[in-house]
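The values are calculated or read from the model by the stated rules, or taken from the named source; none is laboratory data. Computed from a prediction, not measured in an experiment: that's the story for all the values here. All Cβ positions, even for glycine, are placed from backbone atoms using ideal geometry, and neighbour counts span all protein chains on display. Ligands, DNA and RNA are stripped out before the accessible areas are found, and what is left, the full protein with its side chains, is counted by its heavy atoms. Shrake-Rupley method; radii C 1.70, N 1.55, O 1.52, S 1.80 Å.
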Amino acid sequence: MSTKEILNFINGEYTTGTSGKTFENRTPVDGSLIGVVHEAGRSEVDAAVAAAKAALNGPWGKMTTEQRSEILHRIADGVTARFDEFLKAECSDTGKPVSIANHIDIPRGAANFKVFADLVKNVANESFETPTPDGTGALNFSVRRPKGVIGVISPWNLPLLLMTWKVGPALACGNTVVVKPSEETPATTALLGEVMNEAGVPPGVYNVIHGFGPDSAGAFLTEHPDVDAITFTGETSTGEAIMKAAANGVRDVSFELGGKNPGIVFADCDMEKAIEGTIRSVFANCGQVCLGTERVYVERSIFDEFVAKFSERASQMKLGVPEDPETDMGPLVSHEHQQKVLGYYQKAKDEGATVVLGGGVPDMPGELANGAWVEPTIWTGLPDDAAVVTEEIFGPCCHIRPFDTEEEVIELANSLPYGLAAAVWTENTSRALRVSTQMEVGICWVNSWFLRDLRTAFGGSKQSGIGREGGEHSLEFYTELKNICIKL
Ligand code: NAD
Ligand code: 6OD
């Protein structure tokens, strides 16, 4: 693979900046160097925020919603026109199979602009007629205005998808953005700058700064007083740090955080569907999906059958390079993350798990042995307070536990401080309604997983997030609603 220079994108131009610092970008497939990233220091972050602030009063701020919407469509078309470039960059950075990225990551990267471009043109604002003692009354109506400069901090697991999920609505609502992509996966966020210029986005509307979290670009951005609001996807503990930074100046936050999501399989499920769905929810993207299932609860009467069939199916998954269309699972995103996941694999053994499948590092041929690979792993037999049952691992693994009653499994599913997503497998509609409405989560799927309609509310309960994005809910965060009251 060739090595690329990955630059900051500030005020419509690519720049190395003046920090003089760079860091390596290695692919987790075989550990080889694919890029050198120019890290932003305080002065680049200041320049990016200043450009974003100035752009609010430039041509972008004067455009009608329709004009901005047209530009967003051109951005989406620009991503689609350069589909293969985005695909290659995303798969090299993450190691994920092309077969996943070409139907999830890149198409959603484009769709996130189109959906919000159309949505903002069709949202009505409220209006109330208010009686007054003199009988003439008053008319209240609301208008929406952009919040200003939005700081976007994004993670590495679905880099383009999760970044555009925030940049799309932010721009559709007339804001400007400064994006800090994950240090692990900077390529597609940087590449999007070219598309922005080609689409006619005015300079300063979309800015990208590279770097790390604490004491680096992430912290410089979230601490910056001219950033009006911060939208973040990542770990709960990082959310806590960002919330502290946002407290200075009382800036608004929208957080999509970690999870430890339950999958619940009732005896009245369609077994084939439940197995296929749970295979996806546990192992897709090498288990690195925030919505993924890491705790599977199976009704006791079908427990042995489910574990046998599920592990048989998981054992057939093919690990391989992104370009191979047969590849089901790639490596983890980095060696650092591999060490974290392997740490949990060891903990499971130490805590007395029965290792039904995997539990280690697979034998990969040639150069691939230098990659961040781990085996798909299934455990049973652990107590409910075991580390791998209660803590987010973010790897291709799950613990499966039997349950006896609906009440018991609802309590187990809701027992953790996380509350992002759940998947329920049953053919009984009454049960589906009873159980799904009692899940303490932001998103509950019944007989499916990661089936997304971008008009719906997306977010987490408890420690899995603050706020909801998606459809009109995104407007709650990306606009300021102003009420105007006119005495008639
Ligand atoms: P992370 O929290 O380590 O990093 C996310 C981003 O925050 C990166 O860009 C990082 O550089 C930046 N960052 C780190 N510390 C910072 C600080 N102090 N100030 C400002 N920025 C800082 O998360 P990750 O490891 O990239 O992603 C995995 C995590 O993200 C998992 O916990 C997963 O559940 C979560 N996630 C949640 C959702 C969701 O929708 N709820 C989606 C995807 C991922
Ligand atoms: O589909 C989405 O909009 C979304 N935010 C998905 C998050 C996946 C987490 O890894």
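Some notes on this structure:
- Using the Cβ-Cβ distance between Leu488 and His73 with R0 = 41 Å, the FRET efficiency computed as 1/(1 + (r/R0)^6) comes to roughly 0.55.
- Whole-angstrom gap from segment 49-99 to segment 413-448, using each part's C-alpha centre: 35
- Cross-link pairs beyond the 22 Å C-alpha cut-off, checked among Lys121/Lys482; Lys349/Lys462; Lys273/Lys340; Lys180/Lys260; Lys62/Lys244: Lys349/Lys462; Lys273/Lys340; Lys180/Lys260; Lys62/Lys244
- Backbone geometry of segment 200-214 corresponds, through the Karplus equation with coefficients 6.51, -1.76 and 1.60 at θ = phi - 60°, to 3J(HN,Hα) couplings of x, 6, x, x, x, 6, 10, 10, 10, 10, 9, x, 9, x, x Hz, x marking Gly and Pro.
- Gyration tensor analysis over the Cα atoms of the chain returns equivalent ellipsoid semi-axes of 38, 30, 19 Å (largest first, whole Å).
- Distance (nanometres) between label positions extended 7 Å along Cα→Cβ at Glu5 and Leu33: 1.5
- Projecting the Cα atoms of Cys290, Met329, Leu357 onto the charge dipole of segment 261-453 (Cβ charges, centred on the Cα centre) puts Cys290 farthest toward the positive pole.
- Scanning residues 5 or more positions from Ile10 or on other chains, those with amide H under 5 Å from its amide H are Thr15, Val208, with H placed 1.01 Å from N in the peptide plane.
- For segment 357-363, backbone phi angles converted through the Karplus equation (6.51, -1.76, 1.60; θ = phi - 60°) give residue-by-residue couplings of 8, x, x, x, 9, x, 7 Hz, Gly and Pro being listed as x.
- Here segment 164-202 and segment 263-327 have alpha carbon centers that stand 34 Å from each other.
- Shape category assigned to segment 1-111 from the gyration tensor of Cα positions, a/c cut at 1.5: oblate
- The modelled label-to-label distance for the pair Ala457/Glu480, using points 7 Å beyond Cα in the direction of Cβ, is 2.5 nm.
- Considering segment 261-453 at the alpha-carbon level, its Rg and Dmax are found to be 16.1, 53 Å.
- Placed amide H near Val424: partners under 5 Å, 5+ positions off or other chain: Ile264, Trp445, Val446, Asn447, Ser448
- Contact order relative to length of the chain, as percent, for alpha carbon pairs under 8 angstrom and 6 or more apart: 18
- Counting only protein heavy atoms and a 1.4 Å probe, segment 261-453 has 39 square angstrom of accessible area per residue.
- Here the peptides 160-173, 186-199 are ranked by packing, the mean other Cβ count within 10 Å, and the order with the highest first is 160-173, 186-199.
- Hz values of 3J(HN,Hα) by residue in segment 472-481 - Karplus curve (6.51, -1.76, 1.60), Gly and Pro given as x: 5, 5, 4, 5, 4, 8, 8, 10, 9, 8
- Projected label distance in nm at Glu351 and Asn447, using a 7 Å step from Cα toward the beta-carbon: 3.3
- With both residues required to sit in the chain, DSSP beta bridges show an antiparallel share near 40%.
- A Förster distance of 35 Å, applied to the separation of the beta-carbon atoms of Glu326 and Thr22, puts the FRET efficiency at 0.45.
- Amide H to amide H distances under 5 Å link Arg401 with Val296, Tyr297, Val298, where only residues 5 or more positions off or on other chains count and H is placed in the peptide plane.
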